[in-house]
Amino acid sequence: SAKSSQAIQANENNLRIAVAANFTPVLNILLEDFTKQTGIPTQVISGASGALFLQITHGAPFDIFLSADSRRPIELEQTGFTVENSRKTYALGQLAYYSSLHTDKEINNATSLLAILNTPPQRFAIANPDIAPYGKAAKETLISLGLWQIYQPRLITGINIGQTFTQLRSKAVSSGLIANSQLILNNLSGVVIPSDLHQPIEQQLVIIRASKQQANAQKLMDFLLSDATKQIIESYGYAKSSVPVSLPESKLSPQ
Amino acid sequence: MINSDLQALITTLEMAALTTIILLIIGTPLAWYLAKMTSRSKVIIEAIVALPLVLPPTVLGFYLLIAFSPEYLPGQLWQQTTGQQLAFSFSAIVIGSVLYSLPFVVQPLQKAFEQLGDSLLEAGALLNAGPIDRFFSIVLPLTKASFITAATLGFAHTVGEFGIILMIGGNIPGETRVLSIALFDHVEAFDYTRAHILSIGLLIGSLIILAAIYWLNLPKRAGTKTTLIGKAN
Amino acid sequence: MINSDLQALITTLEMAALTTIILLIIGTPLAWYLAKMTSRSKVIIEAIVALPLVLPPTVLGFYLLIAFSPEYLPGQLWQQTTGQQLAFSFSAIVIGSVLYSLPFVVQPLQKAFEQLGDSLLEAGALLNAGPIDRFFSIVLPLTKASFITAATLGFAHTVGEFGIILMIGGNIPGETRVLSIALFDHVEAFDYTRAHILSIGLLIGSLIILAAIYWLNLPKRAGTKTTLIGKAN
Amino acid sequence: MNNNPPQLNIDISLSYSQFNLVINQAIPLTGITGIFGHSASGKSTLLRAISGLEKSVFGNISLGKIKLVCTEQKVYLKPEARHVGLVFQNSRLFDHLTVLGNLEYAVKRCKNNQLFIDDIIELTKLKTLLNNHINELSGGQQQRVALARAILAEPNLLLLDEPLSALDQQSKTQLLTMMLAIQKQLNLPILYVSHSLDELQQVCDNLLVMAQGKVKEFGNIHQVIHNLNHQLGDDLIAQQTSLSLPITKLCDGYGLTTLTLQDKQKIYLEYDASFKDKINNGELRCFILASDVSVTLTEPTNSSIVNHLCGTINAIKQNNNKVLLTVNCGEQNFYVAISAFSQQKLALIVQQQIYLQFKASAVRTFIH
Amino acid sequence: MNNNPPQLNIDISLSYSQFNLVINQAIPLTGITGIFGHSASGKSTLLRAISGLEKSVFGNISLGKIKLVCTEQKVYLKPEARHVGLVFQNSRLFDHLTVLGNLEYAVKRCKNNQLFIDDIIELTKLKTLLNNHINELSGGQQQRVALARAILAEPNLLLLDEPLSALDQQSKTQLLTMMLAIQKQLNLPILYVSHSLDELQQVCDNLLVMAQGKVKEFGNIHQVIHNLNHQLGDDLIAQQTSLSLPITKLCDGYGLTTLTLQDKQKIYLEYDASFKDKINNGELRCFILASDVSVTLTEPTNSSIVNHLCGTINAIKQNNNKVLLTVNCGEQNFYVAISAFSQQKLALIVQQQIYLQFKASAVRTFIH
Ligand SMILES: Nc1ncnc2c1ncn2[C@@H]1O[C@H](COP(=O)(O)OP(=O)(O)OP(=O)(O)O)[C@@H](O)[C@H]1O
Ligand SMILES: Nc1ncnc2c1ncn2[C@@H]1O[C@H](COP(=O)(O)OP(=O)(O)OP(=O)(O)O)[C@@H](O)[C@H]1O
Ligand code: MOO
Ligand SMILES: [Mg+2]
Ligand SMILES: [Mg+2]
């Protein structure tokens, strides 16, 4: 217990950021600037949004929570775990199609993507639609395209979008829908799914009410929502909040 | 709802039963070999058997996923032999569970075999019993309790396994979606009622099964045994 | 980078070592009691000890998180006694690991104690050795191998544990962030190089430590032992 | 009441599925008491009950003033609190320890430390085996270690369950001599279970004979053996005269030792250097098999037989073709087994005066 | 060469840290061969080598035409392929089985099935114990089960390592009789290790005496015992005459049995109903302790002693105060132990004619 109290003290000054796994790499890059600018030391706790949410509701000592969706921040807000008016969208997720079998050129336009999707592979990877926001968006996309019935029995569902990416990367499954940011961070290319095929993936943050560093958390929130930061976030494969990507309706309508 | 959980339950039982059987078939000769081997090099084998324990399941799952994918040798060989992809198949989660639970079966058996000693085996050999015969007529009855321990640990550990199965199984209903994943999904999806019901059902069911196993394994004439320490305490 | 992994390694070792010590302290008398108890009701205790195995770690973690939070009795009591919150503390992950790894320590020890028999204990008692003395002078040396098995299984299982620790520990660097979570984070953050390096390091390190443990545990005069079956095969 | 010599009081019953042990017997806590009986007569069970290894015993056991068991008062002393040593029929050595380790185990837990471990090692001839592991010992070597270990614990009462069964005669004699010496040095009462009356004769003061879980005979060893002589149906022992007699001459010029009966008649036996160790209060213990003694009507001459005693026939008991004579010579009964043919030929009757003759070598101090 | 009777050929060496076994001996595979020797002389180790439990043995062992071990040719038959039975010094019963289970274990794995399990159960008196667990048996009961189990396996060679050490005389006699009967019925060669020469005398045809890992004597049992008579330094056995003689009258009116020497002199001993079982080719095996025989210069009269043999002194050997006479009566050597005093008094010299006298009861068929 000597150890634990010591550790807690050492950790006390750090701003604890609980972040959805898919945003962690980007956040880490951003934080270098943030710490340089403000001198606030940070600690990143990365995890599945669901688990982080559960932990916050049971007293986890986090200061700010960057979820991969809006549902959990809303839930936290309603149950009084957040600082008032702190729920903000910090990024808009973009879904992308990725296949290790096809070259970039074969799928670099939407027509061929549709063609490819229309011949369903044996297995197809998405995140679990019931629990992961990217999975939910993937399901909506397949429904919009009228392909859900065909795809459902072929789905490999990861517990979160990170696991889905791992399953694709290992080539154990050859194609699937993942976060565009994952492709960009790994220098891979795929096809961005038009954002009108699914509900927007609003990744929201909240400041935790029990936090003793609400001021610093506020500073981080301001930093993340600043225009400069937004541009960087978008450069990592997140959508521009104002202009959703869209393709001509005709080319995407199902058969 | 109940239907899908039932399906997961069936898959889980199938997987755990098959895994336990394979574990006993592989683990028994391995444990025997380790118990009776006198060469010092056996420590390497012992360590390798225990290794899967140290890697977190998700990480082990990550490497197994790579190995099982058609790009790499084990996955390729499997595909060539069976015509089916290994990753995300029922076979994959069984193989993963076998690897992960192996030490829980091998180690208790090995210790039991070591503690058994040679004297009764010698007596058996001189009554014309060959090695296999001796195993079934002497070793097995005398180490029955350890076999039950090994099988219980292996089975239970497989039922509770989550990280590996999720990674290499892909959560396919009716094929690789097991109870532990279903339960986790309920929790993550805020479906606490269902999670609680499933958990309590699982606990009570397991309690009954485990108690039944241990009850069957009670020494038949427990009463006549001298229990020097038990009572002296 | 290397710093944070090192910190996780230290936390892991501290957690696993403390857990193993606690497991041995709790597990040994429990195993002894179960081994020597003749009442039929012991099967219930045996089943309860084995129960944590059946629940997936994440689900067990979920319930422990609830229990450890200041809202519920165990968490409340802890907070009143120590003045600190239980959930998300180092203590929490140790308690969780103890619960989860208990069967891996209790069951091998119990079987070893059962197989030991009473005759040498009787001899010890008649040389004036009391129960505690008998335990340390007879039981412990004769079941040393099973203690090592139990400790190894318990330690390794704790090092590899992930789901429970993640849930009730909260992945706080320097406090509850252990190696298995760090490794998982690397995989999730596409930092495969670092994941590979850490995995290989972990594997080689564990291999060396495990081999060393087993080597120390080799019978000293293995050569003179008759190995009827080993060689007869 | 305080002047009574201390006793081991046993008044117990104990039931197994097919066997009942019912013992009510006081055994004086002096010297060595032999326990003799057929296989499965309950000897080991009795020792286990005394030492505290049989939990299901019902009744009372007390060792001197210490209550070991009293079911009525719910007294049940733990084995380790009784200070009773037991050498088991199977030696039960600790195989995780060496020979020395086993001996030291006992020494470390011994309160008195009147014995020196090196002496006992010397006496039990274990010196060269000290670093051996238990599974490297022969059967007889194991028994020696077990015996040494039990003695080194210096208990208040030592129970021996056939401690010498795997040993040859020579080792037996040596170890029996050692036990007698230690018994005296520590004033340590011993209960000694054996199938061999020879062993028991050599060392025991009292003898308890068991049959089917009950005490059949108990008392002074000579008396009990003489009583058993008459139980002809049961081949429990060889008919014999069992004696403790004062030595009048340890060794004459011809290698004979002289013992004297109360009426001053002499008995000669072959001198042995070991007699010095065997003398107990100036008396030597010996026995003469009834079949080794013959009868003549006149004093024999020209014979190599050195012992001729004059006595009176006290009793004649015939069993089939064999006759057992009880002959009184100087307050001491002698037993003579002859054939019915001889009895008839010599026309022997009770109260007749006759001569007993037996070789010097027929007077045995230990079988050989 | 085919006409040679089958033999167990042993030519091996084996080393432990402090002990070397070096045996080069052919043992005929007929009847029972006794193995006798001090504790730790290597008896158990020899049996373990023959049965295949000592892997580190070097040399050759063959059983009849079957090579069991030949280190040169890298032949090493597994224990279970040797069809050699062994009753261990510690009984090694399977404690997960009942008594019956242990016996059936052997029966199930027996190829011949010439014996009936019920007969053996009857002979070993195990009927009432069949459903008992092994840890509920007394020491002697365990030995009986172990013996019955080994016999029921009907091996080609049976090795017994002190199989009766925990049994009383009465049970010993019964079991020895059984072993003799079974030995004959199955024509089963037996090697019998024992510390008790009495047991061995009763049943063995040949005797192998071991000392410090080597064969000290081997041959016909009577011959070996007579050889041992002269090794006075070593108290291995009691000096004695060991005989197998034809019975001329099983029982006369006086309860005596008559044996006849080659020169027609008669030896009388007490009749026993069990003689019928003990007769081997019309001959009875018996022994007379040298100390039970006395010498007279004239034929004795008026004595209850029935045996008077006329013979010639062949040799006189003095050792301290004791003298061993070898006396030849009708081609048979008799051994007589007398005191130096008597020898001097009677002025005995070699070639002198004398009379031996001994009681009928001195002719022992089994010690009591
Ligand atoms: N635990 C037990 N359960 C049932 N019966 C038992 C138990 N222990 C001993 N017996 C029985 O009690 C009787 C006496 O056994 P005990 O061991 O006291 O005999 P013993 O006189 O020592 O014989 P031996 O000389 O053969 O060792 C035997 O018939 C035995 O079968
Ligand atoms: N595994 C072993 N390692 C070392 N020495 C051994 C081993 N087994 C036996 N010995 C030694 O070999 C010698 C002979 O032992 P063995 O058991 O053959 O004697 P034995 O004649 O059967 O004696 P006993 O009559 O006492 O049973 C003993 O000195 C013993 O210490
Ligand atoms: O990062 Mo998530 O919670 O798997 O969409
Ligand atoms: Mg006994
Ligand atoms: Mg031996």
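Per-structure values
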read-out	value
Count - residues of the stretch A:156-180 that are in contact (Cβ under 8 Å) with a residue 24 or more places away in the chain and in a loop (DSSP other than H, G, I, E, B)	5
Positions within the stretch E:322-335 being more than 8 Å from chain D (Cβ to nearest Cβ) and either closer than 17 Å to E:ASN229 by Cβ or at pLDDT 90 or above (or both), in sequence order	E:VAL323, E:LEU324, E:LEU325, E:THR326, E:VAL327, E:ASN328, E:CYS329, E:GLN332, E:ASN333, E:PHE334, E:TYR335
Hits in the stretch E:74-94 - residues which are within 14 Å of ligand 2 (Cβ to nearest atom) and part of a strand (DSSP E or B)	E:LEU86, E:VAL87
Residue selected from the stretch E:126-143 under the condition crowded, with 22+ Cβ neighbours inside 10 Å and within 7 Å of chain D (Cβ to nearest Cβ), by the criterion nearest to ligand 5 (Cβ to nearest atom)	E:GLY139
Residue that is nearest to the other protein chains (Cβ to nearest Cβ) [pool: residues in the stretch C:148-158 that are surrounded by 24 or more Cβ atoms within 10 Å (Cβ to Cβ) and of a type in the set (A, V, I, L, M, F, W, C)]	C:ALA156
Hits in the stretch D:326-352 - residues which are under 22 Å from E:THR257 (Cβ atoms) and in a strand (DSSP E or B)	D:VAL336, D:ALA337, D:ILE338, D:SER339
Residue in the stretch B:50-67 that is more than 14 Å from chain C (Cβ to nearest Cβ) and either in contact with a Pro (Cβ under 9 Å, 6 or more places away or on another chain) or not charged (D, E, K, R) (or both) present	no
Residue in the stretch E:162-174 that is within 15 Å of the chain's Cα centre (by Cα) and outside the structural domain of E:ASN90 (by TED's automatic domain parsing) present	no
Single match in C:ALA17, C:ALA31, C:ALA92 (criterion: in a helix (DSSP H, G or I), surrounded by fewer than 21 Cβ atoms within 10 Å (Cβ to Cβ) and among the hydrophobic types (A, V, I, L, M, F, W, C))	C:ALA17
Tally, over the stretch C:167-209, of residues that are more than 7 Å from every other protein chain (Cβ to nearest Cβ), of a type in the set (A, V, I, L, M) and touching a residue at least 24 places away in the same chain (Cβ under 8 Å)	6
Residue match in the stretch E:99-117 (condition: buried (at least 24 other Cβ atoms within 10 Å of the Cβ), more than 16 Å from ligand 2 (Cβ to nearest atom) and either free of Cβ contacts under 8 Å to residues at least 24 places away in the same chain or within 13 Å of chain D (Cβ to nearest Cβ) (or both))	yes
E:LEU188 vs. criteria aliphatic (A, V, I, L, M) and at pLDDT 90 or above	yes
Verdict on B:LYS231 being more than 8 Å from chain C (Cβ to nearest Cβ), assigned to a loop (DSSP other than H, G, I, E, B) and modelled with pLDDT under 85	no
Filtered residues of the stretch A:125-157 (kept if within 14 Å of another protein chain (Cβ to nearest Cβ) and of a type in the set (S, T, N, Q))	A:ASN128, A:GLN152, A:THR157
Residue satisfying condition, being under 15 Å from E:SER291 (Cβ atoms), in contact (Cβ under 8 Å) with a residue 12 or more places away in the chain and under 28 Å from the mean Cα position of the chain (by Cα), within set E:GLN343, E:GLN357	E:GLN357
Selection count, the stretch C:106-162, where residues are assigned to a loop (DSSP other than H, G, I, E, B) and without any contact (Cβ under 8 Å) to a residue 40 or more places away in the chain	8
Residues that are within 8 Å of chain D (Cβ to nearest Cβ) and either among the polar types (S, T, N, Q) or surrounded by 23 or more Cβ atoms within 10 Å (Cβ to Cβ) (or both), drawn from the stretch C:104-121	C:SER119
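To keep it simple, each residue is scored yes or no on (1) assigned to a strand (DSSP E or B); (2) of a type in the set (Val, Ile, Thr); (3) at pLDDT below 85.
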position: D:PHE218; (1), (2), (3): yes, no, no
position: D:VAL224; (1), (2), (3): no, yes, no
position: D:LEU243; (1), (2), (3): yes, no, no
position: D:THR248; (1), (2), (3): yes, yes, no
position: D:ILE267; (1), (2), (3): yes, yes, no
position: D:ASP272; (1), (2), (3): no, no, yes
position: D:ASP277; (1), (2), (3): no, no, yes
position: D:CYS286; (1), (2), (3): yes, no, no
position: D:SER291; (1), (2), (3): no, no, yes
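One line per residue, one yes/no per condition, for (1) at pLDDT 95 or above; (2) within 14 Å of chain E (Cβ to nearest Cβ); (3) within 19 Å of E:GLN142 (Cα to Cα):
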position	(1), (2), (3)
D:ILE12	yes, no, no
D:PHE19	no, yes, yes
D:ILE23	yes, no, no
D:GLY31	no, no, no
D:ALA40	no, yes, yes
D:LEU47	yes, yes, yes
D:ILE50	yes, no, no
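Matching residues to (1) in contact with an Asp or Glu (Cβ under 9 Å, 6 or more places away or on another chain); (2) touching a residue at least 60 places away in the same chain (Cβ under 8 Å):
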residue	(1), (2)
C:LEU9	no, yes
C:ILE25	no, no
C:ALA35	yes, yes
C:ILE48	no, no
C:PRO57	yes, yes
C:LEU65	no, yes
C:LEU73	no, no
C:GLN84	no, no
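The values are calculated or read from the model by the stated rules, or taken from the named source; none is laboratory data. For clarity, every value in this text was computed on a predicted model and none was experimentally measured. Every residue, glycine among them, receives a Cβ derived from its backbone with ideal geometry; neighbour counts consider all protein chains shown.
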